[in-house]
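S.K.: Below is a structure I'd like to ask you about.
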Amino acid sequence: VVGVKVGKQTKAYDWNRLVRDTVIIDVVDNQPLAVVLSADENSFVVLGLHKKNSTVQLKNNGIVIDGEPYSFLGKSLKEGQNDLKPIMAFQEYWHSWKTFNPETSQY
């Protein structure tokens, strides 16, 4: 799973679903976020979004959010546009994540 901590909430995202969908958009502790898998299917990033109904696409080596370009790590590629906030995330086995985060929810 990819485990995410935002505020006092934790959530787990199934790795196989991330591989299938490439992008998962969700809200954790009122923070809209995107879990994004790189094209090589080995690296991932979790980024805080500016709004809940954002559209997120992986394009070349970057990310396009609501039509605006960002690097894979959420750095704006357009002048005057705010960078995205990285969200702390961990790749763990489900049983390990659940052991250390017993109150976690699952996507």
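S.K.: How big is the gap, in Å, between the Cα center of the stretch 80-107 and the Cα center of the stretch 1-60?
M.R.: Spelled out, the Cα-based centre of one part sits 9 Å from the other.
S.K.: Extending each Cα 7 Å along its Cβ direction at residue 105 and residue 38, get the distance between those two points in nm, one decimal.
M.R.: Calculated label separation equals 3.0 nm.
S.K.: Could you point to the residue in 71, 15, 33 farthest towards the positive end of the chain's charge dipole, with +1 and -1 charges on the Cβ of Lys/Arg and Asp/Glu respectively?
M.R.: So the residue we want is 33.
S.K.: Also, quick follow-up: Given springs between every Cα pair under 10 Å in a Gaussian network model of the chain, which of 70, 13, 93 has the largest fluctuation?
M.R.: In the Gaussian network model the winner is 93.
S.K.: Another question about this same structure. Just the number please: accessible area per residue for the chain, 1.4 Å probe, all protein chains included, in Å².
M.R.: It amounts to 61 Å² per residue over the chain.
S.K.: If the cut-off is a Cα-Cα distance under 23 Å, which lysines reach residue 11, setting aside same-chain residues fewer than 8 apart in sequence?
M.R.: In chain and number order, the partners are 51, 52, 85, 98.
S.K.: Report the gain in length on full extension from residue 66 to residue 53: 0.36 nm times residue separation, minus Cα-Cα distance, nm rounded to one decimal.
M.R.: On the way: separation 13, 0.36 × 13 = 4.68 nm, distance 0.91 nm.
Gain on stretching residue 66 to residue 53: 3.8 nm.
S.K.: Taking loop as defined by DSSP and a crowding limit of 16 other beta carbons within 10 Å, which GluC sites (Glu not before Pro) in the stretch 15-107 fit?
M.R.: Qualifying residues, ordered by number: 41, 79, 103.
S.K.: Here's a follow-up. Which value in nm describes the separation of the simple spin-label points at residue 90 and residue 23, placed 7 Å from the Cα toward the beta carbon?
M.R.: 2.8 nm
S.K.: What whole-number value in cubic angstrom gives the convex hull volume per residue for the C-alpha atoms of the stretch 20-107?
M.R.: It comes to 101 Å³ per residue, whole-number rounded.
S.K.: Another one. So for the chain, averaging the separation of alpha carbon pairs under 8 Å that are six or more residues apart and normalising by length, what relative contact order in percent results?
M.R.: 30 percent
The values are calculated or read from the model by the stated rules, or taken from the named source; none is laboratory data. Keep in mind it's a predicted model, so treat the numbers as computed, not measured. Reconstructed Cβ throughout: ideal geometry from the backbone, glycine too, with neighbour counts over all protein chains shown. Ligands, DNA and RNA are stripped out before the accessible areas are found, and what is left, the full protein with its side chains, is counted by its heavy atoms. Shrake-Rupley method; radii C 1.70, N 1.55, O 1.52, S 1.80 Å.
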